[in-house]
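Participant: One structure coming up, written as structure tokens, with questions to follow.
The values are calculated or read from the model by the stated rules, or taken from the named source; none is laboratory data. Computed from a predicted model, the values in this text were never measured in an experiment. Methodologically, a virtual Cβ is constructed for each residue, glycine included, from the backbone with ideal geometry; neighbour enumeration extends over all protein chains shown.
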Amino acid sequence: MPPLTKRTTDLITITVNGETVEIESTMSVQQMLDTVDVPPNYLAVEINGDVVPRQQYEATMVAAGDDIEVVTLVGGG
């Protein structure tokens, strides 16, 4: 009987709004937004202090160690 092969997934660690998050691999900003828990009414995404335009979410990649801020509008008076 052949040995069982264990599928290993190399997780990478990123920071989202100050919280450490593990994701399966390098992925696009859009995939990251679909994967992690982010507010649905977000206005902007920053990676390492740089704002990522919405039209570049599919092309911009999130990598290990990135510091991501998902910015929302907070009402108040």
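Per-residue answers, yes or no, for (1) within 11 Å of the chain's Cα centre (by Cα); (2) of a type outside the set (Phe, Trp, Tyr); (3) modelled with pLDDT under 90; (4) surrounded by 13 or more Cβ atoms within 10 Å (Cβ to Cβ):
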{"residue": "7", "(1), (2), (3), (4)": "no, yes, yes, no"}
{"residue": "12", "(1), (2), (3), (4)": "yes, yes, no, yes"}
{"residue": "33", "(1), (2), (3), (4)": "yes, yes, no, yes"}
{"residue": "37", "(1), (2), (3), (4)": "yes, yes, yes, no"}
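Participant: Every residue in the range 47-77 that is surrounded by 14 or more Cβ atoms within 10 Å (Cβ to Cβ) and acidic (Asp, Glu), please.
Facilitator: Of everything in the range 47-77, those that are surrounded by 14 or more Cβ atoms within 10 Å (Cβ to Cβ) and acidic (Asp, Glu) turn out to be 66, 69.
Participant: Additional query: List the residue pairs whose Cβ atoms are under 7 Å apart, where the first residue sits in the range 42-53 and is at pLDDT below 95, the second is exposed (fewer than 14 other Cβ atoms within 10 Å of the Cβ) and not in a strand (DSSP E or B), and the two are 6 or more positions apart or on different chains.
Facilitator: Short answer, once both residue conditions are applied: 43/73.
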